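**Q** Attaching a single structure in structure tokens format; questions to follow.
The values are calculated or read from the model by the stated rules, or taken from the named source; none is laboratory data. Here the structure is a predicted model, which is why all the values come from computation and not from measurement. Cβ placement follows ideal geometry from the backbone for every residue including glycine, while neighbour counts extend to all protein chains displayed.
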Amino acid sequence: MSILTLLDYASVLVFAASGALVASRAQLDIVGFAFIACLTAVGGGTVRDVLLDRNPVFWIGDPVPVLLASGMAGVVFFTAHLVESRLRWVIWLDTFALAIAVPAGTAAAMETGQGPVIVVLMGMATGSLGGLMRDVVCNEVPLVLKQGELYISCAMAGALVAVTLVACDLPAATALVACAAVTWVTRAGSLVFGWHLPVYRSRPPRRSLRALPEAKHLTPLSSLTNLFSLTTRTLSACETSATDRSTARRRELRRSDLPSSPSPPEAYAAQARR
């Protein structure tokens, strides 16, 4: 049994356990447990073998990984209730699965004679795609994309270490062990110490010191439109003001045309003359 086969079996078992625990959080039946466990266990390796044109795919040529994943799903189905925090177990099992799957993908790419870039990409794909499929199918936030944590960066770092050590003429077994160690340490450090890469923060656009007023950035057509609108509003305001003044003037004239009422003594004298 080769090192690659052992790595595949180990990653299948650990990934299957994490997939079954996610299925327990979704409260699926035992068939759902087996499906999610198998999807998580063989998803990344399947994509790796298809891209590398390895025929047949590792679990088709040897169905043992599917049987191991199904058996692990059955074990978790009857024991998941004993775990106090299933999410915490999922996260830590996933770290061990990542540390095993990345060397497996790296070794498979090296075995087919691929270049350094493809070796690194296959290590990343093998380690991350199975968990990504699991989280998407179960409607969970993918651990691969979780903000503030390292995941796929850990896979890339481990694969880069393996490629570098092989390029330095070190044995492949040593390179794979170093790959697993770097992958697990960086992932565990992200969970324990909060290691993470800088994230994008949206900021308002910076205005240049020589920036012209917004009106000067308008097109000729929009400038004419704004000028016409301003002129219309000005004329309307002037017309309203003139109308108000004219109305007030007419009221004053009406008041001046009215006869003044006589004072009370004058009214008495007029009545006496009559």
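**Q** Condition first: of a type in the set (S, T, N, Q) and within 19 Å of Y200 (Cβ to Cβ). Now tell me which residues in the stretch 114-151 satisfy that.
**A** Across the stretch 114-151, the qualifying residue is only Q147.
**Q** Please state which one of A41, A99 is touching a Gly at 6+ places or on another chain (Cβ under 7 Å) and in a helix (DSSP H, G or I). Full working, then the answer.
**A** Working: A99 fails: touching a Gly at 6+ places or on another chain (Cβ under 7 Å).
Residue meeting the stated conditions: A41.
**Q** From the set of residues in the stretch 135-160 that are assigned to a helix (DSSP H, G or I) and free of Cβ contacts under 8 Å to residues at least 24 places away in the same chain, which is nearest to L93 (Cα to Cα)? Walk me through how you get there before you give the answer.
**A** Taking the stretch 135-160 first, the residues assigned to a helix (DSSP H, G or I) are 135-137, 143-145, 152-160.
Adding the requirement that they be free of Cβ contacts under 8 Å to residues at least 24 places away in the same chain leaves 136, 144-145.
Numbers: V136: 18, V144: 14, L145: 17 Å.
My answer is V144.
**Q** From the list A125, A104, pick out the single residue that is crowded, with 21+ Cβ neighbours inside 10 Å, within 19 Å of P56 (Cα to Cα), under 21 Å from the mean Cα position of the chain (by Cα) and among the hydrophobic types (A, V, I, L, M, F, W, C). Don't jump to the end; show me each part of the working.
**A** Numbers: A104 fails: under 21 Å from the mean Cα position of the chain (by Cα).
That would be A125, the only listed residue that is crowded, with 21+ Cβ neighbours inside 10 Å, within 19 Å of P56 (Cα to Cα), under 21 Å from the mean Cα position of the chain (by Cα) and among the hydrophobic types (A, V, I, L, M, F, W, C).
**Q** Scanning the stretch 1-12 for residues that are crowded, with 20+ Cβ neighbours inside 10 Å and either aliphatic (A, V, I, L, M) or out of contact with any Gly (no Cβ under 8 Å at 6 or more places or on another chain) (or both), which turns out modelled with the lowest pLDDT?
**A** Restricting to residues being crowded, with 20+ Cβ neighbours inside 10 Å and either aliphatic (A, V, I, L, M) or out of contact with any Gly (no Cβ under 8 Å at 6 or more places or on another chain) (or both), the top hit is L7.
**Q** Pick from V50, V66: which is under 30 Å from P116 (Cβ atoms) and either basic (K, R) or part of a helix (DSSP H, G or I) (or both)? Before you say what the answer is, go through the steps one by one.
**A** On the way: V66 fails: under 30 Å from P116 (Cβ atoms).
Of V50, V66, the one residue that is under 30 Å from P116 (Cβ atoms) and either basic (K, R) or part of a helix (DSSP H, G or I) (or both) is V50.
**Q** Taking the residues in the stretch 145-193 that are closer than 20 Å to V117 by Cβ and of a type in the set (V, I, T) as candidates, determine which candidate is nearest to the chain's Cα centre (by Cα).
**A** Among those residues, the one meeting the criterion is I152.
**Q** Inside the stretch 161-187, can you point out the residues that are in a helix (DSSP H, G or I) and out of contact with any helix residue (DSSP H, G or I) (no Cβ under 6 Å at 6 or more places or on another chain)?
**A** Here is the first cut: in the stretch 161-187, the ones in a helix (DSSP H, G or I) are 161-167, 172-187.
Residues satisfying the conditions are T164, A167, A172, A173, T174, V177, A181, V185.
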